[in-house]
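J.: I am attaching a structure below and will ask some questions about it afterwards.
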Amino acid sequence: MFVLHTYHPNSTLEADFYIQSKGSNAGKPMKTPSANCFGVLVDQSVLLPTYFYYLVEAVYSTGIFKKYLKGSVIEFLTIEDFSRALNDYFSRST
């Protein structure tokens, strides 16, 4: 349904939107990349990228990503924990 990859400015990988991975806004979806983010590529035959962007934004607003943050000085969210948080959120919601 979607693929996550670490963003690098020199990369040729495409992304429909980005997720902030470090700091107090970890998990927040973004339209443009920043230095600390990962890209989200959505399978458009299954899900519309804009719909998934706003879905992630709604999940982010619940604060669920905060319990998955790691690090003591600068908190960060891994790709695996991002996926786990979404899975846990939607498993709990049904």
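J.: Determine, yes or no, whether Glu57 is under 17 Å from Phe2 (Cα atoms) and charged (D, E, K, R).
T.: yes
J.: Something else: Please state which of the following conditions Gly39 fails to meet, knowing it meets all the rest: (1) part of a loop (DSSP other than H, G, I, E, B); (2) over 16 Å from Ala85 (Cβ atoms).
T.: The number of the failed condition is (1).
Yes or no, residue by residue, for (1) modelled with pLDDT of 95 or more; (2) not charged (D, E, K, R):
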residue	(1), (2)
Tyr54	yes, yes
Glu57	yes, no
Lys67	no, no
Ile74	no, yes
Thr78	yes, yes
Phe82	yes, yes
Arg92	no, no
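J.: Quick one: would you say Glu57 is in contact with a Lys or Arg (Cβ under 8 Å, 6 or more places away or on another chain), part of a helix (DSSP H, G or I) and under 18 Å from Asn36 (Cα atoms)?
T.: So Glu57 passes the test.
J.: So Phe76 clears everything in (1) in contact with a strand residue (DSSP E or B) (Cβ under 6 Å, 6 or more places away or on another chain); (2) under 14 Å from Gln20 (Cα atoms); (3) without any contact (Cβ under 8 Å) to a residue 40 or more places away in the chain; (4) not aliphatic (A, V, I, L, M) except one condition, right? Which one?
T.: So Phe76 meets the others, but not (3).
The values are calculated or read from the model by the stated rules, or taken from the named source; none is laboratory data. Please read these numbers as outputs of a predicted model, since none were measured by experiment. Reconstructed Cβ throughout: ideal geometry from the backbone, glycine too, with neighbour counts over all protein chains shown.
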